[in-house]
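Reviewing the structure listed below.
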Amino acid sequence: MSKVQWRSPDEPIIREDVKNVEQELNINFPLDYIECVMNNNGAHVSPEVFEVEGKRKVFGMLLSYNMEDDENIIEVFDDYKDTLPAELVP
């Protein structure tokens, strides 16, 4: 797997920020995701295109945990929850 570079992150967050979102969405995030988002909150990633099981996938950025941001994780989830599979969090 190639290394990714995180660009233009928001301010780092603390575990309590993640716990608040987990509680709001009634989910538990994997530890590797939590570690990543705590250091790279809202960051864009490079490369954006990668392969999973032989298929090309695109991943542009981590959603922000800053609730003042228009693209924060709760706001985006609320905007798309009716169109997403139940087990998917944007």
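Ser46 fulfils the conditions (1) among the hydroxyl-bearing types (Ser, Thr, Tyr); (2) at pLDDT 95 or above; (3) surrounded by fewer than 16 Cβ atoms within 10 Å (Cβ to Cβ) except for a single criterion, (2).
Checking each residue in region 1-20 for being under 14 Å from Glu48 (Cβ atoms) and not basic (Lys, Arg) picks out Ser2, Val4, Gln5, Trp6, Ser8.
Would you check which residues across region 11-23 are at pLDDT 95 or above and either surrounded by 13 or more Cβ atoms within 10 Å (Cβ to Cβ) or in contact with a helix residue (DSSP H, G or I) (Cβ under 9 Å, 6 or more places away or on another chain) (or both) and list them? Correct list: Ile13, Ile14, Arg15, Asp17, Val18, Lys19, Asn20, Val21, Glu22.
The values are calculated or read from the model by the stated rules, or taken from the named source; none is laboratory data. Note that the coordinates shown come from a computational prediction; the quantities given were computed from them, not determined experimentally. For neighbour counting, all protein chains shown are included, and Cβ atoms are generated from backbone atoms with ideal geometry for every residue, glycine included.
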